[in-house]
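Below is one structure; the comments refer to it alone.
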Amino acid sequence: MATSKDSGKGAGSAQKSGAGSGTPAKRGFAAMDQNQQREIASKGGQAAHQKGTAHEFDSEEARRAGQKGGEAVSRNRAHMADIGRKGGESRQSAQRAAAAAKNAGSRQGDKEA
């Protein structure tokens, strides 16, 4: 047994907002083109600087923030192992490619002589 809520506004509004695609239509700031968004965001940044509430990192503060992030990531042992494995694979494949190129160059020199 359907109630008035089930058959009322809910079904109609879902079709309007998504135009049948299942995603809601963009509204407000998201509906603007990128140039308009940048202009508005720029004004906000300028206002924050004028007001004195804007924040700019100095090099020491940025270093500390990066260090914090590095410590947080390095706690995940599986992630760090994965990074190391990928780096080793990348280095190994680069060395193999360099060796293959070196061998191909010396072989071509033999054929010309």
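The values are calculated or read from the model by the stated rules, or taken from the named source; none is laboratory data. Bear in mind that the values here come from a model prediction, so they are computed numbers and not experimental data. Heads up, the Cβs are rebuilt from the backbone with ideal geometry, glycines too, and the neighbour counts pull from every protein chain shown. Please note that ligands, DNA and RNA were not included when accessible areas were found on the heavy atoms of the full protein model with its side chains. Shrake-Rupley method; radii C 1.70, N 1.55, O 1.52, S 1.80 Å.
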Look at A94 and say whether it is farther than 30 Å from K43 by Cα, modelled with pLDDT under 90 and surrounded by 10 or more Cβ atoms within 10 Å (Cβ to Cβ). yes
Across segment 26-84, which residue is nearest to the chain's Cα centre (by Cα) among those that are assigned to a helix (DSSP H, G or I) and hydroxyl-bearing (S, T, Y)? S74
Residue that is most open to solvent (accessible area, probe 1.4 Å), among those in segment 36-49 that are at pLDDT 90 or above and not small (G, A, S): R38
How many residues are open to solvent by 90 Å² or more (accessible area, probe 1.4 Å), at pLDDT below 90 and not charged (D, E, K, R) if we restrict to segment 54-79? 2
Filter pass, A101 being of a type outside the set (S, T, Y) and assigned to a helix (DSSP H, G or I): yes
